[in-house]
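Accompanying notes for the structure given below.
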Amino acid sequence: MKPIYIAAFHQSRFGKLMDMTVPAIIDNAIQGTCREIGVPASALDVGSVGAACNFSLNEQGLLAGLMASTPGLEGKPIEAVENACASGGQAVLSVIQKLQLGLGETGIAVGYEKMRDAEGKMDGKLIGKVLGYFSHPGERAGKVFVFPHLFAEVMQAYMDEHDVTEKDLAAIPVQEYANAKFNPCAQMNKVQITLDQALQIEGLNRYVVDGLPLKTYDCSQITDGYAGLILATAEGLEKLGVRRAECVEIAGWGQATDPIRKQGRDVLRPAGAYRAMRTAYLMAGANPKDVNVAEVHDCFSVMGAIGTEVIGKAEAGRGAQYWVDGKARPDGECGINTSGGLIAKG
């Protein structure tokens, strides 16, 4: 396969995009990424855009058509993808696949979400409802906030099976808030929390579901934001006028999908995630010992622990302890979610 490189990267500040419309968000993501390397959008051959709540919260379909509305992208191979929380990453894989198929030498992947209104306010009840759409309908009954409820069950199962405490898992958001302080694009970069605050049930911090351990500080943020990547083959880099030495080569990738239903599968050892990680390591000719910085999906703190295990930095059930021991700090064995992660970046 042809080597693929990241030629440019751009993102908004995460938090509130106020009255910015979806067409403006997508255009800003494209134009902003192009400006990073001083090329027009017409220099891009293909594109993909990923979002999860475009229909339910934004009342907008045909995102590919919005991408094609940016001058220079009309009439080019573009598609919209949705894969729940993995939608932005799926857009990246979509562009890679287009380039590998020979549909072009350069491409752009855009991911965005707009979860707040034009005044920056959120409708918690509505958001809870629409995020529930990304679950199996047979597992929604009796759950007000479906997604947090399901992951609160996962958190309880993780604690029970591995003898892990709420305090152990709270080490994850505390570290991520500390990381976000150094990320100017992070939603919570002006907020710091202590371990005591992450555990104390008062004010903002509360149990999301009665009888289950998930607390507010264990949860990711309700966020507006966008990001873009320009990807290219070696020939594409020449076309863009970007030196290979200034780029990041994508050494390996993997993608796999688990069944949506939680019941009947081992959610503490997600087979799809492990398979995708093995595929990426194999393609890159690497192993977990080679990795000293990582971003893992931490929609809730327990998933930060499980993600640490999936990438091979801890054995099953030891992911939370990796954070407790300081190994996930930026100056630790492997800096994990140095951006602040979903919990503090957004």
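The P(r) of region 290-346 has a tail past 14 Å containing 45 percent of all C-alpha pairs. Scaled to the globular estimate 2.2 N^0.38 Å, the Cα spread of the chain, given as radius of gyration, is 0.99. Within the same chain, aspartates and glutamates fewer than 8 places from K76 are excluded, and of the rest, those with a Cα less than 17 Å from its Cα are D27, D45, E105. These residues, M67, M122, M283, M159, go from largest to smallest accessible area, 1.4 Å probe, as M122, M283, M159, M67.
For region 1-40 versus region 275-346, the inter-centroid distance based on Cα atoms is 26 Å.
Relative protection proxy for 144-157, 73-86, from highest mean packing down: 144-157, 73-86 (other beta-carbon atoms within 10 angstrom).
Residue by residue, region 247-264 carries 3J(HN,Hα) couplings of 10, 10, 7, 7, 6, x, 8, x, 8, 8, 10, 8, x, 5, 6, 6, 4, x Hz when phi is fed to the Karplus relation 6.51 cos²θ - 1.76 cosθ + 1.60 (θ = phi - 60°); x denotes Gly or Pro. The Cα center of region 157-175 and the Cα center of region 73-133 differ in position by 31 Å. By the equivalent-ellipsoid construction on the alpha carbon gyration tensor, region 198-346 comes out with semi-axes of 31, 19, 17 Å, ordered largest to smallest.
In terms of the Cα gyration tensor, with a ≥ b ≥ c the square roots of its eigenvalues, is region 185-275 rounded because a/c is under 1.5, prolate because a/b exceeds b/c, or oblate? Cα axes put region 185-275 in the oblate bin. DSSP bridge analysis restricted to the chain gives an antiparallel fraction near 60%, rounded to the nearest 5.
Per the Debye calculation on region 86-137 with a single equal scatterer at every Cα and no solvent contribution, log₁₀ I(q)/I(0) for q = 0.18 Å⁻¹ amounts to -0.74. Loop-resident GluC sites (Glu not before Pro) (DSSP state other than H, G, I, E or B) in region 283-335 with no more than 13 further Cβ atoms inside 10 Å of their Cβ: E315. Kindly express, to the nearest 10 degrees and within the range 0 to 90, the angle between helix 22-37's C-alpha long axis and the longest C-alpha principal axis of the chain. Tilt relative to the chain: about 70 degrees.
The values are calculated or read from the model by the stated rules, or taken from the named source; none is laboratory data. Given the structure is predicted, the values throughout are model-derived calculations rather than measurements. As a convention, Cβ positions derive from the backbone with ideal geometry for all residues, glycine included, and neighbour counts pool all protein chains shown. To get the accessible areas, we keep the full protein, side chains included, count just its heavy atoms, and leave off ligands, DNA and RNA. Shrake-Rupley method; radii C 1.70, N 1.55, O 1.52, S 1.80 Å.
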